[in-house]
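Following: one structure in structure tokens, then a few remarks.
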Amino acid sequence: MRKLISTLLMTFLVVTPAMGWHAVGHKATASIAFDYLDPARQSDIVSVLRAHPRFEEDFASRMPDGVARGSDTQKGRWLFEQASIWPDLIQTLGEDVRREYNKSRWHYINKLVWLTNEDEAALKAQLDHNMETEFSPPMRQNLNVVQALRGNLQVWKSDSASEAEKAVAFCWILHLAGDIHQPLHTVALFSKGFFPKGDRGGNSIQVVWGDETKNLHAVWDGLPTNLESLEPSARTIRSINEDVVDDAAIDEWLSHHANLARKFVYTDELKSQLLGGLKTDDLPDIILSRNYLVAAESIARRQVNLAGYRIAKLVE
């Protein structure tokens, strides 16, 4: 694992460092997954990726010169990392590309978190969110993160899918398995006063951050930025050694990560500040304590490591 951390440090020197879970975190999970696969399987998957319908535009042309001149292992790792962020990259491309490949709803599911019991009583019967977790074809825009992960796994394992289809599916598997391990991609907070339609996974809550503010989702996205901290704890290693990765486990991941959000994201401390704002009908900027952030960073490190291991098991 120390070899992995060293490799990650060298690899991430070629990307913009000020990115959140959507970049550094996703690339970290992809690199961890890469190291859990044996060299033959790494090579097989890289061959599939080279069949990606946008390989030249979104992969080959973006590979840094230092990586392109490196070993097959270096190039393979970089391709895994690029594949992990491709579902976000396509949101920045032309309209035709976005129309064909962008699936904005695939990145999350809104399991319910309530600000108060009164909010639950007032709103629960009115909500019409897609919280189903089973997938049935075809692949379509209105799938949530769990359904989309299962659907892309079906494509990946299909004997009838083309190599190009499998390459696109692999990018989504890397990305969605990472998303589902970020607690705020699994829940939304509901409040009759502030968030009757949900807080969009923390995007509607502003947090005091130095001399400015950023939204709560962005705070959590930005946690895996200290690359040394990706070294797994002894507890995480034990969890990995005991982990069972199969289709049924995906539902267990969702349940566990939603509960992480309820306990460690929407803490009593955070809810108390929101409730204080209700008295003046003014949504407050939240102040996060040092204890909150220490716990959050520990969770992020654990989640990135678990996601990398589980991705490898899903695609091996």
Next on the checklist: Can you find a residue that is farther than 30 Å from K279 by Cβ and acidic (D, E) anywhere in the stretch 194-201?
Outcome noted: no
Item to check | S289 vs. criteria modelled with pLDDT of 95 or more and among the hydroxyl-bearing types (S, T, Y) | outcome: yes
Item to check | So F194, is it among the hydrophobic types (A, V, I, L, M, F, W, C), farther than 17 Å from V315 by Cβ and buried (at least 24 other Cβ atoms within 10 Å of the Cβ) | outcome: no
Checklist entry - Of all residues in the stretch 283-304 being aliphatic (A, V, I, L, M) and assigned to a loop (DSSP other than H, G, I, E, B), which is farthest from the chain's Cα centre (by Cα)? => result L283
Next on the checklist: Restricting to the stretch 130-172, count the residues that are part of a loop (DSSP other than H, G, I, E, B), touching a Gly at 6+ places or on another chain (Cβ under 9 Å) and touching a residue at least 40 places away in the same chain (Cβ under 8 Å).
Outcome noted: 1
Next on the checklist: Cβ-Cβ distance below 6 Å, separation of 6 or more or different chains: which pairs start in the stretch 304-315 with a residue that is in contact (Cβ under 8 Å) with a residue 24 or more places away in the chain and hydrophobic (A, V, I, L, M, F, W, C) and end on one that is surrounded by fewer than 24 Cβ atoms within 10 Å (Cβ to Cβ) and not in a helix (DSSP H, G or I)?
Outcome noted: A312/L37
Checklist entry - Of all the residues that make up the stretch 218-257, how many are under 18 Å from A312 (Cα atoms), loosely packed, with under 15 Cβ neighbours inside 10 Å and polar (S, T, N, Q)? => result 1
Next on the checklist: Quick check on this structure: which one of L260, L274 is surrounded by fewer than 22 Cβ atoms within 10 Å (Cβ to Cβ) and closer than 19 Å to R238 by Cβ?
Outcome noted: L260
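Can P64 be described as of a type outside the set (S, T, N, Q) and over 24 Å from Y309 (Cα atoms)?
On the way: of a type outside the set (S, T, N, Q): yes; over 24 Å from Y309 (Cα atoms): yes.
Spelling it out, P64 is indeed of a type outside the set (S, T, N, Q) and over 24 Å from Y309 (Cα atoms).
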Next on the checklist: Go through the stretch 199-215 and report how many residues are crowded, with 16+ Cβ neighbours inside 10 Å and hydroxyl-bearing (S, T, Y).
Outcome noted: 1
Next on the checklist: Residue under question is T116, and the condition is that it be under 20 Å from W253 (Cβ atoms) and surrounded by 16 or more Cβ atoms within 10 Å (Cβ to Cβ); does it hold?
Outcome noted: no
Checklist entry - Going through the stretch 78-113 one residue at a time, which ones are touching a residue at least 40 places away in the same chain (Cβ under 8 Å) and more than 22 Å from D221 (Cα to Cα)? => result V97, Y101
Next on the checklist: Within the stretch 178-186, does at least one residue satisfy the condition of being under 29 Å from T267 (Cα atoms), aliphatic (A, V, I, L, M) and crowded, with 23+ Cβ neighbours inside 10 Å?
Outcome noted: yes
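A quick yes/no check of all residues on (1) surrounded by fewer than 21 Cβ atoms within 10 Å (Cβ to Cβ); (2) among the polar types (S, T, N, Q); (3) at positive phi:
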residue: A30; (1), (2), (3): no, no, no
residue: A33; (1), (2), (3): no, no, no
residue: D58; (1), (2), (3): yes, no, no
residue: R69; (1), (2), (3): yes, no, no
residue: L79; (1), (2), (3): no, no, no
residue: Q82; (1), (2), (3): no, yes, no
residue: I90; (1), (2), (3): yes, no, no
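Please pick out the residue among K263, K279, K271 that is among the basic types (K, R) and at pLDDT below 95.
On inspection, the qualifying residue turns out to be K279.
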Checklist entry - Can you name the number of the only condition in (1) among the hydrophobic types (A, V, I, L, M, F, W, C); (2) touching a strand residue (DSSP E or B) at 6+ places or on another chain (Cβ under 8 Å); (3) buried (at least 21 other Cβ atoms within 10 Å of the Cβ); (4) more than 30 Å from S158 (Cα to Cα) that I287 fails? => result (3)
Checklist entry - Mind checking whether some residue in the stretch 35-48 is surrounded by 17 or more Cβ atoms within 10 Å (Cβ to Cβ), β-branched (V, I, T) and modelled with pLDDT under 95? => result no
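The values are calculated or read from the model by the stated rules, or taken from the named source; none is laboratory data. Owing to the predicted nature of the structure, the values given are computational and were not obtained by experimental measurement. Note: ideal-geometry Cβ built from the backbone for every residue, glycine included; neighbour counts use all protein chains shown.
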